[in-house]
1. When only alpha-carbon atoms are used, what values of Rg and Dmax, in angstrom, describe the stretch 200-277?
2. Starting at 0 and stepping by 5 Å, how many percent of the alpha carbon pairs of the stretch 39-137 end up in each bin?
3. Jot down the per residue volume, in cubic angstrom and as a whole number, of the convex hull over the alpha-carbon atoms of the chain.
4. What chymotrypsin sites (Phe, Trp or Tyr not before Pro) does the stretch 64-141 have in DSSP loop regions with at most 16 other beta carbons within 10 Å?
5. Run the numbers on the stretch 152-223 and let me know its relative contact order in percent, using alpha-carbon pairs under 8 Å that are six or more apart.
6. Using only C-alpha positions, report the orientation-averaged shadow area of the convex hull of the stretch 50-203, nm², one decimal.
7. Distance between the C-alpha centers of the stretch 191-233 and the stretch 1-57? Whole Å please.
8. At a temperature of 20 °C and a viscosity of 1.002 mPa s, determine how fast the stretch 165-208 diffuses translationally according to Stokes-Einstein, using the Kirkwood radius over alpha-carbon pairs as Rh; express D in µm²/s, rounded to the nearest whole number.
Amino acid sequence: MQLGWPRLRVDEWAETRDTLHMWMQIVGKVRLAHTPLINHWWAVALYPTPRGLSTSGIPYGRGMFDIEFDFVDHRLLMRESGGGAREFALRSMPVAEFYDRVMGGLRELGVTSTIQNHPNEVEVAVDFTEDFGHRAYDPSPVHRFWLQLLQAHRGFMEFRSYFGGKVSPVHFFWGAMDLACTRYSGRAAPTHPGGAPNCGDWVMVEGYSGELSSCGFWPGGGEEGAFYSYAYPEPLGYSDAPVSPEAAYYSHEEHEFLLPYQSVRRSADPDRTLAAFLHSTYEAAAELGEWDRAALEVDPRRWEAQQERAWRHARGQGSR
């Protein structure tokens, strides 16, 4: 199955993206309401699936339920472990209607859920029940955005495998609408100052309580979106560190390295181009931040050599 790296201009789906962002916040907040706190808000994220994005299993009573955005058939699926299921088509509709459909569907499944009714990390936070302005939904760009996430997910999963220390899952944060993976040095970080719009400073304090190097992808920061990488706290000299590929640069406005998605898509080997960016920006953070790289990094293919030696020994070739 070859899906490739799709082209999707940011300005091509602005209204749909903004509506989808609100829908994702509603679903994400349901997960937040029912999941115990895990390191740095990892328990609130969504996860890419072969069909779209999912909450994964959410504990409820003695069972669980989940909610999945299907970006292939464009439906929202709600399922509970007793066998019940509800779904509805993803189409143009106000955020207020989407909210009612989600909450109503959960009630029919026996799930009672109460969430904070306004979005976070956006400048204008309209109550979900009163948001009739965000209503656009174009299936084509949404499908291509999901394909972008799949490509980013592949690259991040491969990159994640080189780290043996504390590292987050590859997960989708609905607050900023980005796919991310974060590595930690194991040391505490200075208290984060906060400042995200419509988001309590204490949220960022929890999110950035450990020294880290984080990478991600989001549908902004470039003509077709961008990959990013940043360090917190940012070590001295980080912004001037040499990184790869040539298209990557440090944004003093965003305080992070950026690599335009289209630069990856158009390259001769997108997977290698993305890997160069991820590894070089992490190495800048780890070297300048004096991480214990020998203790934290691993070879993801470390067992292949041992299996080869065992195979050769079994065939009497161990001494050759």
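1. Values for the stretch 200-277 (Cα only, Rg and Dmax): 13.5, 43 Å.
2. With a bin width of 5 Å, the distribution comes to 3, 12, 19, 23, 24, 15, 5, 1.
3. It is 178 Å³ per residue.
4. Here the chymotrypsin sites (Phe, Trp or Tyr not before Pro) that fit, given the DSSP loop and packing criteria, are Phe132.
5. Worked out over the stretch 152-223, it gives 29 percent.
6. 11.3
7. So the separation of the two Cα centres works out to 16 Å.
8. Working: Rh = 11.8 Å.
Estimated diffusion coefficient is 181 µm²/s.
Only the coordinates and a few stated rules stand behind these numbers; no lab work does. Predicted model only: the values in this text are computed from it and were never measured. Cβ atoms come from the backbone with ideal geometry, glycine included; neighbour counts cover every protein chain shown.
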